[in-house]
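These notes are about the structure you will find just below.
The values are calculated or read from the model by the stated rules, or taken from the named source; none is laboratory data. What you see is a predicted model; the values in this text were computed from it and never measured. All Cβ positions, glycine included, derive from the backbone under ideal geometry; neighbour counts span all protein chains shown. For accessibility, only protein heavy atoms count, side chains too; no ligands or nucleic acids. Shrake-Rupley method; radii C 1.70, N 1.55, O 1.52, S 1.80 Å.
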Amino acid sequence: MHDSIRLLEKKWVSNVGWPQRLESIEIAGIRGWTGKPIPFQFPIVAICGENGSGKSTILQAAAASFRAPKGGAKITAGIMFPETRWDSIENARIGVSGHFGPKPFTSSVRKLTERWRGNPERPERNVEYIDLSRIQPLAARVGYSRIAKPGVQEKEEAAEKFDDDTLKRLSGIMGRPYSAMKLALTDADKKRRVPVLTLGKSMSGFHFGAGELTMAELLHKLNLPKYTLLLIDEVETSLHPRVQRRLMRDLADICRQRDIQVILTTHSPFILEELPPQARGYILQTAGDREVIFGVSPEFAMTKMDEEPHPECDLYVEDDEAAIMLNEILAQGARQEREHCRIVRYGAASVGRALGEMVDGRRFPQRALVFVDGDQPVSAGCLQLPGGDAPERVVFNALAVKNWGELPKRCNRETTDVIDACTKAMTAADHHEWIRAAARTLALGTDVLWSMMCSEWVSSCLAKADSEKVTKPVSDRLNLPYLSRGVSILQKPPVVPAPVAGPPKAPPPVPDLPLFPQAAPMPQHGDSSQKPPEGAG
């Protein structure tokens, strides 16, 4: 975690600051939302999900829930969610809760029939809504073509120059030493301004790269008063990964210094990686409903939004350690089934429980199983990994009893070195550090050592009954009764009709078919035009 995010989290946890904060929002009757609360548990919250999942709706609803201070831009639910010839909105409600100073507040706007009600009662708060996805090149904007003509004269006295702090931030985010930045005004238009940057020589926004234009206009809008609610749609637009990361760190500094709250939408793993788990939300869409789950890993979010064909069964685990443990159990106890599966890290245990509830309610669009670590309580739709404890504790403790078995041979290290390194690593209070400490001492990659340890643990420590508690549900979910006979699941042996008369005849031999022929593509997540295969869920 970068220092900017760490310091922001430290201030947030200390419960100092943010006297004005939105803590939860409920949206019902608008674009498929049914009223499930969406909590905001960090000063910066990123919402991700597929196109059309409702990310922008959350931002628009949040913007419409507050009344602008005098002179501020007017934003209402009627503006954000207009009634049109093709769109009718009835029985709609946006409810919010939070704090203004020491006092909690709740508020709502409602549209039961023709008009939105509750606008005057909304709390007053400065709101800045920025849709970066709609920023156009200057040359494509209405009225800017006449400004681009060579004979146009700049009004120097009317130029809006950026202060040194904003210029420094722009240079830091973009990684370029800009010496000046301004919004110029010309005699060709009294309102339309042109951004101009100086990097050795001056260059106008007509010749910026898309990222430079986006960042220049964004930073101009980020000169915000304290306690502002900042809403940014598709924050990564036109920005390469390094700039995305730097922008998030800059936002964290602004939030910490001015007690600003930020809610943004994104499709970028780099944005998600900069934030702690409680700040990462993913919109899960199920049959006729949607909800936001928090604590997701960037990998989980990207996997759910991936366009590549999905395997026949997704196996969800908490983290890398659990993924490697599960992979070794399947590799030694159900290798053929393993080839049909994909292991996905979901992040926080709370995400696993939410996914388990979806599996239990048969609301997943394809086959899936959810595993939680052995130290997590049993919950609906979830399976526990073996051992009754965190994977690191299970494997280290079991191998220690076996005096580390054949692990030294697997690692190609001296026995005494392996024993000393692993034993010493176990003295750390935090079991998450055990693998890293032992790997560092043995000069091995962390994942390499952990894979070897899990492989040795499965071979010499894991009871067959405990292994089958993992492998059998996977096999059952895949419904692969013919794998052991070497026959494709898609081409089962022919049914032999019962003889009409005479002595029974032996069935014909099982045809020699390829074990894993090219499977038909599975339906994609969120594709309502295709039904999940029979037995999915």
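What the table below lists for this structure:
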read-out	value
Accessible surface of the chain, 1.4 Å probe, proportion on carbon and sulfur as whole %	50
Alpha carbon Rg of the chain, scaled by the compact-globule rule 2.2 N^0.38 Å	1.20
FRET efficiency, 1/(1 + (r/R0)^6) with R0 56 Å, evaluated for residue 105 and residue 460 via beta carbons	0.40
Using alpha-carbon coordinates, inclination of helix 55-64 to the longest axis of the chain, degrees	40
Sequence of 415, 265, 84, 237 from largest to smallest accessible area, 1.4 Å probe	415, 84, 237, 265
Full-stretch length increase - residue 13, residue 51 - with 0.36 nm per residue and alpha-carbon distance subtracted	10.4 nm
Protection proxy ranking, peptides 291-299, 438-446, average beta carbon neighbours within 10 Å, highest first	291-299, 438-446
Label-point separation in nm, residue 429 to residue 190, each point 7 Å along Cα→Cβ	6.9
The stretch 391-428-the stretch 322-390 distance, computed between alpha-carbon centres (Å)	26
Translational diffusion of the stretch 299-410, µm² s⁻¹ [Kirkwood Rh, Cα pairs; Stokes-Einstein; 37 °C; 0.692 mPa s]	220
Accessible area (Å², 1.4 Å probe, nearest 10) - residue 253	40
Principal-axis tilt of helix 164-174 within the chain, Cα atoms, nearest 10 degrees	30
Inter-site label distance for residue 124 and residue 357 at 7 Å from Cα along Cβ, in nm	3.9
Dimensions (Å) - the stretch 158-215, Cα atoms, principal axes, largest first	33, 22, 20
Two-decimal log10 I(q)/I(0) for the stretch 21-65, as the Debye equation yields it once each C-alpha is a single scatterer, q = 0.24 Å⁻¹	-0.95
Per residue solvent-accessible surface (Å²) - the chain, probe of 1.4 Å	49
Modelled FRET efficiency - R0 45 Å, residue 113 with residue 134, Cβ distances, 0.05 increments	0.90
Distance between modelled label sites at residue 400 and residue 207, nm, 7 Å Cα→Cβ extension	6.7
Residues in the stretch 106-148 that a label on residue 83 would reach, taking backbone N under 19 Å of a point 7 Å out along Cα→Cβ	109-120
Rounded to the nearest 10 Å², the accessible area of residue 117 at probe 1.4 Å	130
Two-site FRET efficiency, residue 161 against residue 409, from Cβ-Cβ distance with R₀ of 45 Å, rounded to 0.05	0.05
Cα shape, the stretch 89-135, gyration tensor, a/c 1.5 rule	oblate
Rounded to 10°, Cα long-axis angle of helix 241-258 versus longest principal axis of the chain	60
Exposure ranking of 113, 286 by accessible area [1.4 Å probe, largest first]	113, 286
